[in-house]
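A short worksheet on the structure shown next.
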Amino acid sequence: MRSSASSGVVFEEPLIFERGAEGRTGASLPEMDVPKADPKALFGAQFRKDGTPLPELSEPEVFRHYVRLSEWNYSIDNTFYPLGSCTMKYNPKVNEWAARLPGFARLHPYAPESQIQGALELMWHLEAGLAEVCGMDRVSLQPAAGAQGELAGLMMIRAYHEAQGRSPKKVLVPETAHGTNPASCAFNGFTTVAFPGGENGIVEPSAIAPYLSDDVAAIMLTNPNTLGLFESNLPVIATMLHDKGALVYGDGANLNALMGRVRPGDLGIDVMQFNLHKTFTTPHGGGGPGCGPVGYKKLLDPFAPSPTVEKAEDGKFKLSFHRDASVGRLRSFYGNFGMMVRAYTYMRELGAEGLKAATDMAVLNANYLRAALGETWNVAYDTTCMHEVVINDKHLRDTGVTTLDIAKRLIDYGFHPPTVYFPLVVKGAMLVEPTETESKQTLDQFVDVMKKIDEEAHKEPEKVKGAPHMTNLRRLDETRAARNPVLRWTAPTST
Ligand SMILES: Cc1ncc(COP(=O)(O)O)c(C=O)c1O
């Protein structure tokens, strides 16, 4: 039994597997007009011996079950979702229409090139568009997520050094970096050298100077960084690294703040990943199929993942596997094609001016929140921010209310909490990223709720500390849920 709380009413109801009755069904099949076959004879040893105690249910019961489950979740389609660094960007529905067009959705990955010209053409145009946006020479569409794009970029950097008979072992990574950065280094056999950001939250050239040596393969910098600040010293830093024979990896996860305004390639970055879900409105989350293309300058082309899409002289599109020094294939077939269709649709829907406008609105919205939230909360770096802003609860320390309590209380008010306790360099950080599609009205509601929670923390701290009060499940043991997830339903034993 589970309790359910739609609109605050709590009642006990059976789980779907505990419902149903023998013979109840949601399907009506036509009369059999062929002899009945013995499934065991058809499937042999693959057939289950003990039967499957699945519930027998009507269509409305099944439908209600899944709709109810969806209501227990938060999504960008039903609420403001200011999850900094993760960028919960609205997924326009026209993208879904395009991805479901039968000519795209029903393609078989083994179809011959002559029959998939349209798909290859779309990939070719998407690559060209992304290369233009980031100021790179080429882009591989293969990686399945931002983290895999990082992995690919660092593999190319390693191959580049090895081709020159060098094997530098270190990669410089600032303390503000996303956790995937050091992980990608480790996967490539590099040692991460962490260095602090400057007083203003950005990397100062003087901070990295002591770490530069012949053993440095690259620096990994996120721009804007995870504090939402523009790394204005990047061109100087890039020159310092290049002078040492090292390369510059740009974590492009925050491109939503630059798109159409600043090209990372023009700042000295040699290779970077795109998180299409964070910039080009492809679906996010759930660990599902994603797309994290990796853009690179010409010097890394010999090492790029293969295959790539090339346009032949006769105008036909081809898959090329011809790169002797390629780091190889990163993903089965050609990557997650459905995501490419969605990203390309977004790019074409908005056009160059639209992409610029999206960037401008994302930055404007974040700065509006910085100013408005700053009336009550502590803004970690109170200077013009890019697409996200870090606040914290420094002023509540005497109340006993924690950052996690505030996040949980926001859920009672119908908002998904911002990212909390990240970046690690700000104590009690709340990283708020509104994105460009939110209206001033929504932002004002969020600010009002944050003010209310601040008042509650002073006057009724227990209310905040006990939150959430209005959800189906209360506080979970998140560590246990992550370490020992219970993913399998077990049939109740009959008594
Ligand atoms: C700055 C930064 N780098 C890398 C990543 C990893 O990207 P992904 O989640 O697509 O693997 C993220 C994720 O949001 C990020 O915010």
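The values are calculated or read from the model by the stated rules, or taken from the named source; none is laboratory data. Computed from a predicted structure; not experimentally measured. Glycine gets a Cβ as well: all are built from the backbone with ideal geometry, and neighbour counts include every protein chain shown. All accessible areas refer to the heavy atoms of the entire protein, side chains included, with ligands and DNA or RNA removed. Shrake-Rupley method; radii C 1.70, N 1.55, O 1.52, S 1.80 Å.
The table below gives the values:
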| read-out | value |
| --- | --- |
| Pair Asp137, Glu375: separation of 7 Å Cα→Cβ label points (nm) | 5.3 |
| Å² of accessible area per residue within the chain, as computed with a 1.4 Å probe and no ligands counted | 50 |
| Solvent-accessible ranking of Thr79, Thr192, largest area first, probe 1.4 Å | Thr192, Thr79 |
| Sum of side-chain charges, Tyr160 neighbourhood, beta-carbon under 11 Å (Lys, Arg +1; Asp, Glu -1) | 0 |
| Intensity falloff of the stretch 188-270 expressed as log10 I(q)/I(0), Debye formula with alpha-carbon point scatterers, at q = 0.19 Å⁻¹ | -0.83 |
| At least 27 Å along the helix axis (C-alpha) and Kyte average at least 0.0, DSSP helices within the chain | 337-373 |
| Net charge, Pro224 excluded, C-beta distance under 9 Å - Lys, Arg +1, Asp, Glu -1 | -2 |
| Backbone N within the stretch 217-251 under 13 Å of label point (7 Å from Arg166 Cα along the Cβ vector) | 217-219, 240-248 |
| Set of lysines near Lys170 by C-alpha distance (under 24 Å), chain-local residues within fewer than 8 positions excluded | Lys244, Lys297, Lys298 |
| Calculated log₁₀ intensity ratio I(q)/I(0) where the Debye formula runs over C-alpha points of the stretch 94-348, q = 0.12, 0.16 Å⁻¹ | -0.67, -1.14 |
| Antiparallel DSSP beta bridges within the chain, as percent of all bridges there, nearest 5 | 60 |
| Spherically averaged projected area of the stretch 358-481 from its Cα convex hull (nm²) | 8.0 |
| Computed over the chain, Kirkwood Rh from alpha-carbon pairs, angstrom | 25.4 |
| Computed E for Asn472/Glu121 - FRET, C-beta separation, R0 41 angstrom, nearest 0.05 | 0.30 |
| Dimensionless Rg over Rh [the stretch 85-219; C-alpha; Kirkwood] | 1.08 |
| Rounded D (µm²/s) - the stretch 408-457, Kirkwood Rh over Cα pairs, Stokes-Einstein at 10 °C, 1.306 mPa s | 133 |
| Count, lysine Cα pairs under 13 Å in the stretch 358-481, 8 or more residues apart or across chains | 5 |
| Formal net charge of residues neighbouring Leu120 (Cβ-Cβ distance under 10 Å; K, R +1; D, E -1) | 0 |
| For the stretch 29-169: relative contact order, % (alpha-carbon pairs under 8 angstrom, 6 or more apart) | 7 |
| Label zone at Gln441 (point 7 Å along Cα-to-Cβ), backbone N below 20 Å, the stretch 327-365 | 361-362, 365 |
| Anchor Lys89: aspartates and glutamates whose Cα lies under 13 Å away (excluding residues fewer than 8 positions away in-chain) | Asp77, Glu388, Glu433, Glu436, Glu438 |
| Surface share of carbon and sulfur [accessible, 1.4 angstrom probe, percent] for the chain | 54 |
| Stokes-Einstein D in µm²/s, Kirkwood radius over Cα pairs - the stretch 125-172 at 20 °C with 1.002 mPa s viscosity | 175 |
| Sum of -39500 (n - 2.57) over DSSP H runs of 4+, divided by residues of the chain (222 nm, nearest 500) | -10500 deg cm²/dmol |
